[in-house]
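First up is the structure itself, then whatever we jot down about it.
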Amino acid sequence: MVYHFDHLSSVGGRIFEEERRRVVRSLIAEGYLRTQAVVDAMLRVPREEFVLPEYRRFSYYDTPLPIGCGQTISAPHMVAIMTEKLEPRPGQRVLEVGTGSGYQAAILAEVVGPRGHVWTIERIPQLAEYALNNLRRTKYLDRVTVVVGDGSEGYPPAAPYDRVIVTAAAPDIPKPLVDQLEDGGRLVIPVGSRWIQVLKVVVKEGGRVRVERDIPCVFVPLVGKYGFKEVENRDRDIW
Ligand code: SAM
């Protein structure tokens, strides 16, 4: 028996594209997507390329999905909310803490464009490798640098940043991340306990730091020097 994978993948590609449009339309209707640049980014980046094969058919369900090592790719509505709060602009330098699948980094790469750059830092080497492969296949590596390390300390070699986004839950706002923020910069970060957090937006203006509280949210923990100390990386089969 000969299977024609090209034919199947092109059909799959078309279906995913329709599903992507559907989820973006619903994120606009729900008020999560508010700017054309972020809408365009979410229409362009194929989430199915950042999802594990066994969950691919759920790529456009508005839910987080497991990516291995006890971690998750965030739900599309959370990516939309955080990207809109971050207010990224073309040409900017962005630091993402918590690379995971690489999906959020690809969204940011679309918005900052060819003159901008995204540094994304991940503490689990296998996930950094997974993200690197996903970003290579989807052709974002000219604008994204993947780093392995403790992002709760930021990434001093490329600082300062116009924007910093943390996609894991921190007990407090890590001071190094505020220090590495450019004047006029913005930092978006979930802050709270292991099980519930509030999304915070930190704005640096004229050397002053203002913190705004936004919506409640639930993220996996930021583990590191300025994060939580304990870690549980076990995956459990939920089927
Ligand atoms: N932004 C990711 C995406 O688009 O797939 C999802 C991120 S996932 C919710 C959180 C990630 O933060 C996990 O991959 C986890 O390993 C990582 N993480 C936790 N603590 C970290 C730290 N101190 N430095 C860097 N990454 C960290």
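Just so it is clear, none of the values below were taken in a lab; they were calculated from the coordinates. All values reported here derive from a predicted model rather than from experimental measurement. Neighbour counts run over all protein chains shown; Cβ positions are idealised from the backbone, glycine included.
Descriptive notes on the structure:
- The radius of gyration of the Cα set in the stretch 67-113, together with its Dmax, comes out at 11.0, 34 angstrom.
- Globularity index of the stretch 91-146 is 0.98 (Cα radius of gyration / 2.2 N^0.38 Å, N = number of residues).
- Comparing Ala109, Leu127, Ile67 along the charge dipole axis of the chain, the residue lying farthest to the positive side is Ala109, per the Cβ-charge model.
- Residues Tyr61, Tyr161, sorted so that the one with the fewest Cβ neighbours within 10 Å comes first: Tyr61, Tyr161
- Annotation: amide H of Glu96 within the under-5 Å range of Trp119, Thr120, Ile121, Ile165, sequence separation 5 or more or interchain, hydrogens built in the peptide plane.
- Nearest 10 degrees, 0 to 90: helix 76-86 Cα axis against the chain principal axis: 30 degrees
- Pairwise FRET efficiency - Leu52 versus Gln126, Cβ, R0 = 22 Å, nearest 0.05: 0.95
- Cα centroid of the stretch 134-152 to Cα centroid of the stretch 21-63, whole Å: 20 Å
- Degrees, to the nearest 10: 5-29 long Cα axis against longest axis of the chain: 40 degrees
- Remark: spin-label model distance Lys139-Asp183 equals 4.0 nm, labels positioned 7 Å along the Cα→Cβ axis.
- GNM result for the chain, Cα springs below 10 Å: residue of Ala159, Ala29, Ala80 fluctuating most strongly: Ala29
- Cα centroid separation, the stretch 83-105 to the stretch 161-179 (Å): 12 Å
- Stretchable slack from Val218 to Asp172, in nm (0.36 nm times residue separation minus alpha-carbon distance): 15.1 nm
- With R₀ fixed at 35 Å, the C-beta to C-beta distance from Leu43 to Lys229 puts the FRET efficiency at about 0.30.
- The charge dipole of the chain, taken about the Cα centre with unit charges on the Cβ atoms of Lys, Arg (+1) and Asp, Glu (-1), comes to about 300 debye, rounded to the nearest 20.
- The modelled label-to-label distance for the pair Ile15/Tyr61, using points 7 Å beyond Cα in the direction of Cβ, is 1.5 nm.
- Most mobile of Gly206, Gly68, Gly185 in a GNM of the chain (Cα contacts under 10 Å): Gly206
- Normalised by the number of residues in the stretch 13-119, the average gap of Cα pairs under 8 Å and 6 or more apart makes the relative contact order 26 percent.
- Compared with the dominant Cα axis of the chain, that is its longest principal axis, helix 125-137 is turned about 60°.
- Candidates Pro76, Ala159, Gly207 compared by Cα position along the dipole of the stretch 64-217: farthest toward the positive end lies Pro76, with charges placed on Cβ.
- Kirkwood hydrodynamic radius of the stretch 64-217, from the reciprocal of the average inverse Cα-Cα distance over all distinct pairs: 15.2 Å.
- Amide H contacts of Gly70 (H built 1.01 Å from N, in plane; Pro and chain starts excluded): Asp235 sit under 5 Å, all sequence-distant by 5 or more or on other chains.
- Among Ile196, Ile15, Ile121, the residue with the largest mean-square fluctuation in a Gaussian network model of the chain, with springs joining Cα atoms closer than 10 Å, is Ile15.
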